[in-house]
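Enquirer: First the structure, then my questions, so here it is.
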Amino acid sequence: MKSWFFVLALAAGLVGVCSAGEVEGWWNGRGAAGDWFGAREVVVDHGLTLGGKWLGTVYGVVDGGLEHRATFDQELKFEARLDFAKATGWDGLEGLTAVGGVRMREGTNVNNYVGASPAFNPSSYQGGMHWRLLPFYLTYTTPELFGVRNFLTISGGWQNPYELFARQEDAKLFRNNIIVSGKGISSNGVGWSSSYAAWGGMAKVAPWDWFYAQGGLYMAIPGDASTSNHGLELAGAQPWNRNGWYALGETGVMPKIAGLPGKYSVGGYYWGLENTSFFGARYDGKYGFYAMAEQTLYREPAPDVEVSGGKTTDGKSKVVAASPKDSRQGLRWLGFVNYAPKYDNCLPFFFYTGLVYEGLIPTRDHDQAGIALAYGNYSYYQILANREEGRQIADTYEGVLEFEYRVQVNKWSFVQPFLQYVIRPGGDGQVANATVLGVHFGVTF
């Protein structure tokens with residue numbers, strides 16, 4: 001198995017020749033790659049941000065499933081972002097950015113030993129394996145329009161709707177694919193994953209700080225997330241008439257309930273490729289709807305900090321106490337539900353719900369503890385169709401219960417033990433519930 005641990009070893013070797021002060025500066029810096037001998041800030045000041053991240057996971061199937069085995073998989077991602085105003089020095093380009101990147105995934109699929117459906121794979125790194133071109137596109141956000149900052153955002157190019165719609169940041173803490181990526185949408189043959197990309201764009205309006213609405217229109221490309229095309233299917237599927245339209249819409253509100261922030265959104269999608277129902281009827285496309293919610297339930301009080309308050313009458317600096325920005329420490333809830341018609345979607349109903357506590361342990365202010373439950377109900381029409389074909393064993397439902405604790409080592413690295421309990425792997429009751437223990441690692445360059 002290939003590995004990128006040599007990247008970490010190289011970083012450790014470079015640190016070895018540095019002084020203690022340099023080591024401390026590196027350890028407390030923004031990334032494992034350091035400041036590039038001072039060049040990093042210069043590059044950022046000229047509008048170009050270069051970043052990378054390595055993520056690796058060790059899994060152990062310790063109970064149930066198909067076989068008790070340990071596996072490892074990993075992802076390495078590099079991204080470049082260009083701020084045109086900084087790069088050119090022209091203020092008229094403020095708000096215009098470009099982004100693009102590449103990704104590499106390798107490793108053994110733990111699901112070979114768990115037996116879950118691909119949607120409920122304990123790993124979220126088994127789609128789009130090996131190297132892959134990531135989306136590259138332009139985005140323009142109005143600095144101010146009608147007296148409102150960030151009123152309008154327009155974005156387009158080779159883009160992935162997954163990055164822009166149905167987003168919940170706290171969901172990324174978890175490791176099961178159905179929570180991190182699929183959300184029950186990809187299970188139904190819709191182009192929804194971190195590996196999908198197509199030509200198109202989106203527009204978002206946010207006239208108030210508590211409301212937004214957005215819509216997107218893209219090519220629907222059959223099989224575009226396949227590992228074999230490496231994200232290079234820029235001409236779409238051939239012949240051209242195999243492609244269709246992929247439309248999405250979403251709107252939401254961000255209220256404060258008892259002073260605690262929340263976000264509540266609804267959305268829908270249309271996947272415009274011809275398909276056949278479980279009983280043979282032809283349809284021009286598929287559609288579905290989703291709703292999601294995020295709500296801070298409890299926020300730990302943030303201590304006052306000492307800041308400069310100007311000059312005293314004798315000319316000395318005055319120091320006063322002031323409250324910092326709202327603390328992220330506390331308890332947050334998230335929920336997501338997806339619905340699609342049961343006549344041509346194998347997973348018509350799916351939901352997950354979870355809790356994340358940031359700073360649960362005193363002095364560990366940036367650690368995150370999480371628990372989540374996900375459940376998917378398979379189509380009864382699919383069961384009936386399978387029975388007509390003589391298959392009596394039915395896919396009925398599947399779920400996962402997950403526990404996480406992320407130890408934030410420093411600003412650019414973490415270690416995250418986890419436990420997944422996969423319920424009814426594969427959905428048909430033929431495989432025993434599986435317990436998966438593991439450790440997830442992350443390093444930002």
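The values are calculated or read from the model by the stated rules, or taken from the named source; none is laboratory data. None of the values given here were measured: they were computed from a predicted structure. Heads up, the Cβs are rebuilt from the backbone with ideal geometry, glycines too, and the neighbour counts pull from every protein chain shown.
Enquirer: State whether the residues of the range 213-231 include one that is surrounded by 14 or more Cβ atoms within 10 Å (Cβ to Cβ), of a type in the set (A, V, I, L, M), over 22 Å from the mean Cα position of the chain (by Cα) and not in a helix (DSSP H, G or I).
Expert: no
Enquirer: Which residue pairs have Cβ atoms closer than 7 Å, lie 6 or more positions apart in sequence or on different chains, and pair a first residue in the range 406-426 that is under 26 Å from residue 366 (Cα atoms) with a second residue that is at pLDDT below 95 and surrounded by 19 or more Cβ atoms within 10 Å (Cβ to Cβ)?
Expert: Partner pairs satisfying both residue conditions: 412/31; 412/32; 413/32.
Enquirer: Condition first: over 25 Å from residue 70 (Cα atoms), in contact with a Cys (Cβ under 7 Å, 6 or more places away or on another chain) and in a loop (DSSP other than H, G, I, E, B). Can you find one or more residues in the range 387-407 that meet it? Step through it out loud before you land on a result.
Expert: Residues of the range 387-407 over 25 Å from residue 70 (Cα atoms): 387-397.
Checking the rest, the ones that are also in contact with a Cys (Cβ under 7 Å, 6 or more places away or on another chain) come to none.
No: the range 387-407 contains no residue that is over 25 Å from residue 70 (Cα atoms), in contact with a Cys (Cβ under 7 Å, 6 or more places away or on another chain) and in a loop (DSSP other than H, G, I, E, B).
Enquirer: I'd like the full set of residues that are touching a Ser or Thr at 6+ places or on another chain (Cβ under 9 Å) and either of a type outside the set (Ser, Thr, Tyr) or free of Cβ contacts under 8 Å to residues at least 12 places away in the same chain (or both), limited to the range 227-249.
Expert: Passing the criteria: 231, 233.
Enquirer: Considering only residues that are among the hydroxyl-bearing types (Ser, Thr, Tyr) and either out of contact with any Ser or Thr (no Cβ under 6 Å at 6 or more places or on another chain) or farther than 27 Å from residue 380 by Cα (or both), which ones fall in the range 398-424?
Expert: First, the residues of the range 398-424 that are among the hydroxyl-bearing types (Ser, Thr, Tyr): 405, 413, 421.
Selection gives 405, 413.
Enquirer: Moving on. Condition test on residue 240, is it out of contact with any strand residue (DSSP E or B) (no Cβ under 9 Å at 6 or more places or on another chain), more than 18 Å from residue 138 (Cβ to Cβ) and either crowded, with 21+ Cβ neighbours inside 10 Å or of a type in the set (A, V, I, L, M, F, W, C) (or both)? I'd like the intermediate steps shown before the answer.
Expert: On the way: out of contact with any strand residue (DSSP E or B) (no Cβ under 9 Å at 6 or more places or on another chain): yes; more than 18 Å from residue 138 (Cβ to Cβ): yes; either crowded, with 21+ Cβ neighbours inside 10 Å or of a type in the set (A, V, I, L, M, F, W, C) (or both): yes.
For residue 240, the condition - out of contact with any strand residue (DSSP E or B) (no Cβ under 9 Å at 6 or more places or on another chain), more than 18 Å from residue 138 (Cβ to Cβ) and either crowded, with 21+ Cβ neighbours inside 10 Å or of a type in the set (A, V, I, L, M, F, W, C) (or both) - is met.
Enquirer: Further, regarding this structure: Look through the range 332-378, keep the residues that are hydroxyl-bearing (Ser, Thr, Tyr) and more than 16 Å from residue 120 (Cα to Cα), and return whichever of them is nearest to the chain's Cα centre (by Cα).
Expert: 357
Enquirer: Taking residue 47, is it among the small types (Gly, Ala, Ser), in contact with a Ser or Thr (Cβ under 9 Å, 6 or more places away or on another chain) and crowded, with 19+ Cβ neighbours inside 10 Å? Let's see the steps before the verdict.
Expert: Values: among the small types (Gly, Ala, Ser): yes; in contact with a Ser or Thr (Cβ under 9 Å, 6 or more places away or on another chain): yes; crowded, with 19+ Cβ neighbours inside 10 Å: no.
In short, no.
Enquirer: Consider residue 363 carefully, then state whether it is of a type in the set (Val, Ile, Thr), without any contact (Cβ under 8 Å) to a residue 60 or more places away in the chain and touching a strand residue (DSSP E or B) at 6+ places or on another chain (Cβ under 9 Å). If you could, list the steps in order and put the result at the bottom.
Expert: Working: of a type in the set (Val, Ile, Thr): yes; without any contact (Cβ under 8 Å) to a residue 60 or more places away in the chain: yes; touching a strand residue (DSSP E or B) at 6+ places or on another chain (Cβ under 9 Å): no.
Criteria not met by residue 363.
Enquirer: Take the range 250-283 and flag every residue that is without any contact (Cβ under 8 Å) to a residue 40 or more places away in the chain, within 25 Å of residue 159 (Cα to Cα) and part of a loop (DSSP other than H, G, I, E, B).
Expert: 274 - this is the single residue of the range 250-283 that is without any contact (Cβ under 8 Å) to a residue 40 or more places away in the chain, within 25 Å of residue 159 (Cα to Cα) and part of a loop (DSSP other than H, G, I, E, B).
Enquirer: Only one residue in 343, 352, 357, 381 is surrounded by fewer than 22 Cβ atoms within 10 Å (Cβ to Cβ) and in a strand (DSSP E or B), so which one is that?
Expert: Numbers: 343 fails: in a strand (DSSP E or B); 352 fails: surrounded by fewer than 22 Cβ atoms within 10 Å (Cβ to Cβ); 381 fails: in a strand (DSSP E or B).
Going through 343, 352, 357, 381 in turn, just one is surrounded by fewer than 22 Cβ atoms within 10 Å (Cβ to Cβ) and in a strand (DSSP E or B): 357.
Enquirer: Could you check residue 184 against (1) of a type outside the set (Phe, Trp, Tyr); (2) surrounded by fewer than 22 Cβ atoms within 10 Å (Cβ to Cβ); (3) in a loop (DSSP other than H, G, I, E, B); (4) under 22 Å from the mean Cα position of the chain (by Cα) and say which number it fails?
Expert: Exception for residue 184: condition (2).
Enquirer: Consider the range 210-229. How many of its residues are at pLDDT below 95 and more than 21 Å from residue 190 (Cβ to Cβ)?
Expert: 0
Enquirer: Another question, then. Test each condition in (1) of a type outside the set (Gly, Ala, Ser); (2) touching a Gly at 6+ places or on another chain (Cβ under 6 Å); (3) more than 28 Å from residue 406 (Cβ to Cβ) for residue 113 and report the one that comes out false.
Expert: Here residue 113 clears every test but (3).
Enquirer: Oh, and also: Under 7 Å by Cβ, and 6 or more places apart or on different chains, what pairs join a residue from the range 163-179 that is farther than 23 Å from residue 427 by Cα with one that is of a type in the set (Ser, Thr, Tyr)?
Expert: From the range 163-179, the pairs are 166/290.
Enquirer: Here's a follow-up. Of all residues in the range 81-92, count the ones that are surrounded by 16 or more Cβ atoms within 10 Å (Cβ to Cβ) and either touching a Lys or Arg at 6+ places or on another chain (Cβ under 9 Å) or acidic (Asp, Glu) (or both).
Expert: Counting residues in the range 81-92 that are surrounded by 16 or more Cβ atoms within 10 Å (Cβ to Cβ) and either touching a Lys or Arg at 6+ places or on another chain (Cβ under 9 Å) or acidic (Asp, Glu) (or both) gives 1.
Enquirer: Go through (1) under 16 Å from residue 176 (Cβ atoms); (2) more than 17 Å from the chain's Cα centre (by Cα) one by one and return the number of the condition residue 140 breaks.
Expert: (1)
Enquirer: Continuing with the same structure: Can you tell me which of (1) in contact with a Cys (Cβ under 9 Å, 6 or more places away or on another chain); (2) touching a residue at least 40 places away in the same chain (Cβ under 8 Å) is the one residue 71 doesn't meet?
Expert: (1)
Enquirer: I've got another one for you. (1) surrounded by fewer than 17 Cβ atoms within 10 Å (Cβ to Cβ); (2) at pLDDT 70 or above; (3) of a type outside the set (Lys, Arg); (4) more than 26 Å from the chain's Cα centre (by Cα): which one isn't true of residue 64, the others all being true?
Expert: Residue 64 satisfies every listed condition except (1).
Enquirer: Could you please let me know if residue 113 is in contact with a Ser or Thr (Cβ under 8 Å, 6 or more places away or on another chain), crowded, with 18+ Cβ neighbours inside 10 Å and of a type in the set (Phe, Trp, Tyr)?
Expert: Working: in contact with a Ser or Thr (Cβ under 8 Å, 6 or more places away or on another chain): yes; crowded, with 18+ Cβ neighbours inside 10 Å: yes; of a type in the set (Phe, Trp, Tyr): yes.
Yes: the conditions hold for residue 113.
Enquirer: When you scan the range 379-402, how many residues do you find that are more than 22 Å from residue 338 (Cα to Cα) and either within 27 Å of the chain's Cα centre (by Cα) or of a type in the set (Asp, Glu) (or both)?
Expert: 2
Enquirer: Further, regarding this structure: Tell me which strands (runs of 3 or more DSSP E) are completely within the range 64-145 and hold 3 or more residues being of a type in the set (Ser, Thr, Tyr) and in contact with a strand residue (DSSP E or B) (Cβ under 8 Å, 6 or more places away or on another chain), or say none if there are none. If you could, list the steps in order and put the result at the bottom.
Expert: Numbers: elements: 70-83, 96-107, 130-133, 136-141.
Filter on the range 64-145 gives 136-141.
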